[in-house]
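*Asks:* Dropping the structure in here first, questions after.
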Amino acid sequence: MNSAGRLLLRGGIVLTMDEELGDHERGDVLIEDGRIVEVRQDLTADAQVLDCTGKIVLPGFVNSHHHMFQTALRSYWADALDLDYFMQSRAGADALFHQYTPEDVYWGQFGGALENLAAGTTTVVDTSQCSYTPEHTDAALEGIRRSGIRCVFSFSPSLGDHEPDPSYAHPEDIRRLIENAGPVEEGTLVRLALGYHVDEDLFELARDLGLPMFAHVNDTSWGHVLEQFEKEGLLGPWITYIHCLGLEDAAWRAIERTGGKVSVSTSAEQSLAMGQPALQTALEHGIPTSFGTDTVGIAPVDFFSQMRAAYHWQRSRIHAATQSNSPEVQPVTVRDILRMATLGGAQGAHLDHLVGSLTPGKRADVIALNARTLNAGPVNHAAGAVVQHMDTSNVDTVIVDGRIVKREGRLLGVDVESVLQHLERSAAGLVSRSRATDILFTGCRDLS
C-alpha cells in the first residue's frame with residue numbers, strides 16, 4: 001500500500017496515547033493518504049483491512065537519540081566503561097570512527113534504520129557524528145531515505161583527535177543540506193536539525209535557521225552557561241538536551257523555564273557507568289522526557305529493552321530514597337513509560353504535532369504487537385504487557401506515514417542477508433584499518 005491508499009486496522013486493543021480519545025479494548029484505526037482519519041469501534045470503510053484481533057495497536061516508538069552510523073560495530077564496546085568507549089572511538093589517528101568511508105556510513109545508517117523499523121521504532125533522531133566530508137553526510141542521508149524510516153537528521157560534528165578533511169564543514173554545510181532537501185511538507189520523512197554540545201554560535205544558528213537543536217549536556221559546569229544563554233535568548237522549546245548527567249539545579253531550572261526537552265539513554269548510560277540517569281530529575285522538574293538508545297556498540301536499540309531499563313531503574317530509586325532518608329520518590333507507571341516511548345519521544349524529536357499518538361489528523365506511524373503469544377497473553381493489562389513482557393518478536397506490523405514496512409513479522413522489500421553481509425564487511429574494514437583486531441572477538445575467546 002502507498003500513502004495514497006486507505007487502510008483499516010480492525011479489532012485490536014488500541015492504545016491511542018491521546019488522553020481525550022482514550023483507549024479501546026477492541027477498536028479500529030482508519031488511515032488515508034498517510035494520515036490517521038478516525039479511531040473508534042466498528043468502523044466500516046472501503047479500504048485494505050488488516051485483522052488486528054489479538055494484537056495491541058499503538059503509535060510507533062520514537063527514539064530521540066541514536067548514532068545509526070555505528071551499526072556495524074554492534075556490541076564492540078559491550079564491556080566498555082565511558083573512557084574506553086571515548087578513547088577507542090575518537091582518540092588518535094587509529095580511532096575507529098576516523099576509519100569510516102562514505103560506504104561504511106551508508107550501510108550503518110541503512111542497516112540501523114531497518115533495525116529500528118523491525119523493532120517497532122518508526123521515528124529516530126539520528127545524531128550524526130560521521131560528517132568527515134560532505135560525501136559522508138550525503139551517504140548517511142541516502143541510507144536513511146532508502147530505509148523509509150521517519151528521521152530527524154541532527155547534523156553534528158565529527159569529534160575526536162584527528163585532522164579534519166579540507167572539505168569538512170560543520171556547521172556551515174547545513175545550508176547546503178537545507179537547499180538540497182527542498183521544502184518541508186507534511187509527509188516529509190527526513191527533516192534536518194543541528195547537534196553538538198553547548199556552543200553559543202551553534203545555538204544561535206539553530207535559532208536563526210528555525211531548526212531543532214540536540215545538545216549533549218553533562219556534568220555540573222553548565223548551569224551558569226545555560227542561564228547566560230537564556231538571557232541572550234538562545235534557549236527555547238526547540239532544544240532537546242541529551243543525557244543531562246550530573247547537571248546542577250541551575251541548569252535544570254533553565255531548561256524547565258525555557259521549555260526544553262530531555263532525552264535519556266538509560267541502558268547505555270548505565271552500561272558505561274557514566275552516572276545516574278537523569279530520568280527522575282527530569283520528571284521532578286516536569287520536563288518532557290523521552291528515551292534514546294545512543295549506540296548499538298554499547299546497548300540494545302529496541303525499545304522494549306529501553307522501557308524496562310527505565311522502568312526498573314526508576315522503581316529502584318524508591319528504595320534508595322528510603323534508605324538515604326531522601327525525599328519520597330513517586331513511582332512511574334507502565335503507562336508513563338509507554339507515553340515517554342511514544343508521545344514523549346515525539347516531543348523530544350519536535351514532531352509531536354505529527355506523530356506520537358493515534359490522534360486523527362496526525363501522520364500514520366502505527367505498530368501492531370502480537371499478544372497471542374506465550375510471552376504476552378493473556379492480556380490483563382495492555383500497557384503492562386508491552387512494557388514488562390513483550391520483545392521484538394511481538395512486532396507484527398509497522399506502518400510509517402501510512403505505508404506498511406513490516407507485516408506478519410517480516411520487513412517488506414528488504415534483503416536482510418545482503419544488508420548483514422555489507423555490515424560484516426564494513427566492521428572488518430573498520431577494525432582492520434584501526435589496527436584494533438585484538439579487541440574485536442575478545443568476548444568470543446572468553447567462551448573458549
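*Asks:* Going Cα to Cα from K362, which lysines come in below 22 Å? Please leave out same-chain ones fewer than 8 positions away.
*Replies:* K55, K261, K406
*Asks:* Could you give me the ³J(HN,Hα) list for segment 37-44, computed from phi with Karplus coefficients 6.51, -1.76, 1.60 and θ = phi - 60°, whole Hz, x at Gly and Pro?
*Replies:* Values, residue by residue: 9, 7, 9, 5, 7, 6, 6, 10 Hz.
*Asks:* Rounding to the nearest 20 debye, state how big the charge dipole of segment 99-219 is about its Cα centre with +1 on each Lys and Arg Cβ and -1 on each Asp and Glu Cβ.
*Replies:* Here segment 99-219 has a charge dipole of around 580 debye.
*Asks:* Charges on Cβ only, +1 for Lys and Arg, -1 for Asp and Glu, centred on the Cα centroid of segment 254-382; of T266, G348, Q323, which one is farthest towards the dipole's positive end?
*Replies:* Value computed over the given set: G348.
*Asks:* Under 13 Å from a point placed 7 Å out from the Cα of E232 along the Cα-to-Cβ direction: which residues of segment 180-222 have their backbone N that close?
*Replies:* 198-208
*Asks:* What does the charge count near L194 come to, summing +1 for each Lys or Arg and -1 for each Asp or Glu among other residues with Cβ under 12 Å from its Cβ?
*Replies:* It works out to a net charge of -3.
*Asks:* Count the DSSP beta bridges whose two residues both fall in the chain, then state the antiparallel fraction as a percent rounded to the nearest 5.
*Replies:* Of those bridges, close to 45 percent are antiparallel.
*Asks:* So, one more: Have a look at A206, V37, N380 and report the one farthest towards the positive end of the charge dipole of the chain, computed about the Cα centre with Cβ charges (Lys/Arg +1, Asp/Glu -1).
*Replies:* N380
*Asks:* Local charge sum around I287 (other residues, Cβ-Cβ under 10 Å, Lys/Arg +1, Asp/Glu -1)? All intermediate terms of the calculation are to be shown ahead of the outcome.
*Replies:* Working: positive: K261; negative: E256, E284.
Overall, the nearby charge balance is -1.
*Asks:* Quote to one decimal, in nm, the extra length available between E103 and R315 on full extension: 0.36 nm per residue of separation minus the C-alpha distance between them.
*Replies:* 72.0 nm
*Asks:* For segment 321-336, take each phi angle, set θ = phi - 60°, evaluate the Karplus expression 6.51 cos²θ - 1.76 cosθ + 1.60, and give the result in whole Hz per residue in order, putting x for glycine and proline.
*Replies:* Along segment 321-336, the couplings run 5, 5, 5, 9, 6, 8, x, 4, 9, 7, x, 6, 9, 4, 5, 4 Hz.
*Asks:* I would also like to ask the following. Considering only protein heavy atoms, what is the solvent-accessible area of C130 at a probe of 1.4 Å, reported in Å² to the nearest 10?
*Replies:* 0
*Asks:* Check which residues have an amide H placed less than 5 Å from A371's amide H, if you skip close sequence neighbours.
*Replies:* Residues meeting the criterion, in which the H sits 1.01 Å from N, are K55, I56.
*Asks:* So what is the 222 nm mean residue ellipticity for the chain from helices alone, if each DSSP H run of at least 4 adds -39500 (n - 2.57) and you divide by all residues, rounding to the nearest 500 deg cm²/dmol? Numbers along the way, then the final one.
*Replies:* Values: 15 runs with 147 residues, N = 448.
Helix-only estimate at 222 nm: -9500 deg cm²/dmol.
*Asks:* Hey, can you grab everything whose amide H is under 5 Å from the amide H of L43? Only 5+ residues off in sequence or another chain; H modelled, so Pro and N-termini drop out.
*Replies:* D28
*Asks:* Tell me the label-point distance for the pair R372, R145, using the 7 Å Cα-to-Cβ offset, in nm and rounded to one decimal.
*Replies:* 4.1
*Asks:* Moving on to the next point. Under a point-charge model restricted to the Cβ atoms of Lys and Arg (+1) and Asp and Glu (-1), what is the dipole moment magnitude of the chain relative to its Cα centre, in debye to the nearest 20?
*Replies:* Using only the charged Cβ atoms, the result is roughly 1180 debye.
*Asks:* Another one. Run the simple label-point estimate for S221 and Q270 please: 7 Å along Cα→C-beta, distance reported in nm.
*Replies:* Result for the modelled spin labels: 2.9 nm.
*Asks:* Computed from these coordinates, which is mean projected area of the Cα convex hull in nm²: [x] 24.4; [y] 20.6; [z] 22.0?
*Replies:* Entry [z].
*Asks:* Along the charge dipole of the chain, which of V49, L226, F153 sits closest to the positive end, that is, farthest toward it, with unit charges on the beta carbon of Lys, Arg, Asp and Glu (+1, +1, -1, -1)?
*Replies:* In the chain, that residue is V49.
*Asks:* Right, another one. Label segment 197-236 by shape, choosing from rounded, prolate and oblate, from the square roots a ≥ b ≥ c of the eigenvalues of the Cα gyration tensor; if a/c is under 1.5 it is rounded, and otherwise prolate applies when a/b is larger than b/c, oblate when it is not.
*Replies:* oblate
*Asks:* Mind giving me the FRET efficiency for T333 and V49? R0 is 35 Å, r the Cβ-Cβ distance, nearest 0.05 is fine.
*Replies:* For R0 = 35 Å, the calculated efficiency reads 0.60.
*Asks:* Let me ask another. Nothing charged except the Cβ atoms of Lys and Arg (+1) and of Asp and Glu (-1): what's the magnitude of the dipole of segment 331-444 about its Cα centre? Round to the nearest 20 debye.
*Replies:* Values: 12 positive and 11 negative charges, 32 e Å.
About 160 debye.
The values are calculated or read from the model by the stated rules, or taken from the named source; none is laboratory data. What you see is a predicted model, and the numbers here were worked out from it, not measured in a lab. So basically every Cβ, Gly included, is an ideal-geometry build from the backbone, and we count neighbours across all protein chains shown. Ligands, DNA and RNA are stripped out before the accessible areas are found, and what is left, the full protein with its side chains, is counted by its heavy atoms. Shrake-Rupley method; radii C 1.70, N 1.55, O 1.52, S 1.80 Å.
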